[in-house]
1. Take every residue in peptide B:146-159, count the Cβ atoms of other chains within 10 Å of its Cβ, and give the average of those counts.
2. Every other copy gets compared here: list the nm distances from the A:Lys32 label point (7 Å along Cα to Cβ) to its counterparts, shortest first, one decimal.
3. Quick one: compute the contact order of chain B, relative version, from alpha carbon pairs under 8 angstrom and 6+ residues apart, as a percent.
4. Once you've got the Cα coordinates, tell me which of A:Lys158/A:Lys324; A:Lys64/A:Lys154; A:Lys39/A:Lys260; A:Lys99/A:Lys309 are over 27 Å apart.
5. Across peptide A:166-176, how many C-beta atoms of other chains are within 10 Å of each residue C-beta, on average?
6. Excluding B:Ser81 itself, what net charge comes from residues whose Cβ is under 15 Å from its Cβ, given Lys and Arg +1 and Asp and Glu -1?
7. List, in order, the whole-Hz ³J(HN,Hα) value for each residue of the range B:175-187 obtained from phi through the Karplus relation with A = 6.51, B = -1.76, C = 1.60 and θ = phi - 60°; use x for Gly and Pro.
8. Per residue, how much space in cubic angstrom lies within the convex hull of the C-alpha atoms of chain A?
There are 2 protein chains.
Amino acid sequence: MEIKQLKEKIELYLEIFFQEKEKEFRGSEFFKEAVKKIKEITLTGGKRIRPIIFFLSFSTFSSKKKEEALKTSIFLELIHSYLLIHDDIIDNDTLRRNKPTTWYSYEQYLKKMGLKKNQEKMAKDLAIIAGDLACSWAYQILSQSKFAEELKIKGLAKLNEMLAKVIEGQFLDILLPLKKKIKKSQILRAYLLKTASYTFQYPFQIGAILAGLSPQKAEELSSFALPLGIAFQIQDDILGLWAKEKEIGKPLATDLREGKRTLLWYFASQKIKERDKNFLQTLIGKKRLRKEEIERAREIFSSSLALAKSKKLSQQLINQSEEKIFSLKIKKEAKENLIGLVNFLKKRNV
Amino acid sequence: MEIKQLKEKIELYLEIFFQEKEKEFRGSEFFKEAVKKIKEITLTGGKRIRPIIFFLSFSTFSSKKKEEALKTSIFLELIHSYLLIHDDIIDNDTLRRNKPTTWYSYEQYLKKMGLKKNQEKMAKDLAIIAGDLACSWAYQILSQSKFAEELKIKGLAKLNEMLAKVIEGQFLDILLPLKKKIKKSQILRAYLLKTASYTFQYPFQIGAILAGLSPQKAEELSSFALPLGIAFQIQDDILGLWAKEKEIGKPLATDLREGKRTLLWYFASQKIKERDKNFLQTLIGKKRLRKEEIERAREIFSSSLALAKSKKLSQQLINQSEEKIFSLKIKKEAKENLIGLVNFLKKRNV
């Protein structure tokens, strides 16, 4: 199956899942609203990259139960919604994929219900528990999938591990900016935790485990996923400043407005002029940047070679990942699938 | 084993769990801090009622693997910490069991790290993900326990269900106050979801399932838990206004300050005078109530018979629960255990 087709099928299974949830809780209007909110953020856009990797991995190691694997793959989208919902509260973001984020959508809902004050606070409270609900659904999908119990337990153990890692990455993301001295290795560790293991390595491993591989073997084979995942995060950082706003579905330069410690920031900080540093400092906390501010930020990252260094590192990591894939002892067709995935990521512009 | 002894052993297993977590993440200072925060809220006080019920249920239906069941029972305390951490953000509470809540403790941490502004916002962000981490640990404990895979999968399915229910209860808790007309049945439904099923019915069911009972049988036998759980919540509401502050470990009358729709509130609202209603309205949002305000609130709930009606209902529900326990077809010793639990709850003053 082509990646595009996979994506369509995954979205179909998500639709079906939410239809069932809508039926399930007919009685409670507040629960119904939560289903609607989680559905909105889950169905609006997204590359579906985690379920795709999960499925490619599964079908590399199993020729049976492929449809069940695809149906199950959506647990990763529910986990993603859970984390995004909480993330958007943390980052105070009002838009994602050109649509209101969950808390922001709840704010509109509360206004409609006639709430006169504290709408933002209450909206964020509701979004915390809506995220928690999405998490319980993700576990539900995986627990109830039609695979052997011992495979599911091993898969669930990996899911637990994955969540602990991505959360460790989020702690780094929030707290690193408070540190006076930051090492490149700390930034790369955050990328490893919050993107590489979460978006690439674990979806691959869980797919392989449900296909019958031992957790040890699955981990061994998933090593190609780590450099690929870090490269993906670097691409993300670059797109966040240089892509078209329409394409990424949110305002440009969120990392700069939030004072995030990206690799771009790190490379620039090594040789930045005092007045450029001060300028970047002024951007933190702004709701939106003006065109000239974005232009100047781009200029700072270009002229300090931070952009070029980031692109180079990203390319090196992708090459590393390709080499690892070529050296894997798996069937030819499976290798082609994985290389197809790498190419898909190479070409991405969102 | 006596309930008091059970509690001590549960706390010992919690200590061991956190010792292992502390070792696990030696490398990352932020993760270590999160372990510390979750440990603080988990180890400080608490009645351990959920693991106790889980264990009583397990040992009613199984004479093997009792120690493993007790060791596993702590997953319910981690789930509870997860929900409490999020709850304290939502309710803006700074104290729980006489100690700082997680977000409040993070606020102190951030101040120590030198953060000059937005400490409260960032502290709450960190607490959101610390809560999420506790959730992944709860799932980890249950997934990795030494029971047969098919039993664990059934237990996990119940855990997912339980979380979806308690979250539905939280939605009701937050959103019911926005409704002009509230029915008694809606309040009781919230109690059913947020306390009876979460604190009593599901811990009992999961214990029975790990002991080998079918989910159907476990559900059937757990019906005594629902009236008991609602009674427990009513007791909680009463203690929240009439207990000694030292004993409950948090300021009195939080329900009133948060405008919660309790059964006490419902009974009073049926025959309340306009000026008393206005007085209660003025309490909402206050950080702390004065002694006279608490006295007057108590007077309102007493003279409107709301207190007496609540006590009566609570007593009726406890009787119902006892009758159900007596009619269960389980061994005599098991019945005595469950009745022991009821008596333990009858006598509680915190």
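1. Details: counts 0, 1, 3, 7, 5, 1, 6, 10, 2, 1, 8, 4, 1, 4.
That average works out to 4.
2. Distances to the matching label points in the other copies: 5.2 nm.
3. Values: 420 pairs, mean separation 58.8, N = 350.
Relative CO of chain B lands at 17 percent.
4. Working: A:Lys158/A:Lys324 22 Å; A:Lys64/A:Lys154 19 Å; A:Lys39/A:Lys260 29 Å; A:Lys99/A:Lys309 33 Å.
Too far apart for the 27 Å limit: A:Lys39/A:Lys260; A:Lys99/A:Lys309.
5. On the way: counts 4, 11, 8, 3, 7, 11, 4, 2, 5, 10, 1.
Average neighbour count from other chains, rounded to a whole number: 6.
6. Working: positive: B:Lys21, B:Lys36, B:Lys37, B:Lys39, B:Lys47, B:Arg48, B:Arg50, B:Arg96, B:Arg97, B:Lys99; negative: A:Asp132, B:Glu11, B:Glu15, B:Glu40, B:Glu77, B:Asp87, B:Asp88, B:Asp93, B:Asp132.
Charge balance near B:Ser81 sits at +1.
7. Each residue's phi maps through the Karplus curve to give 8, 3, x, 7, 7, 6, 10, 10, 8, 4, 5, 5, 5 Hz.
8. Details: hull volume 47.1 nm³, N = 350.
Residue-normalised Cα hull volume stands at 135 Å³.
Each reported figure results from applying straightforward, stated rules to the coordinates on display, with no laboratory input. Note that the structure is predicted; figures quoted are calculated from it, not measured. Ideal geometry is used to build each Cβ from the backbone, glycine not excepted, and the neighbour counts take in all protein chains shown.
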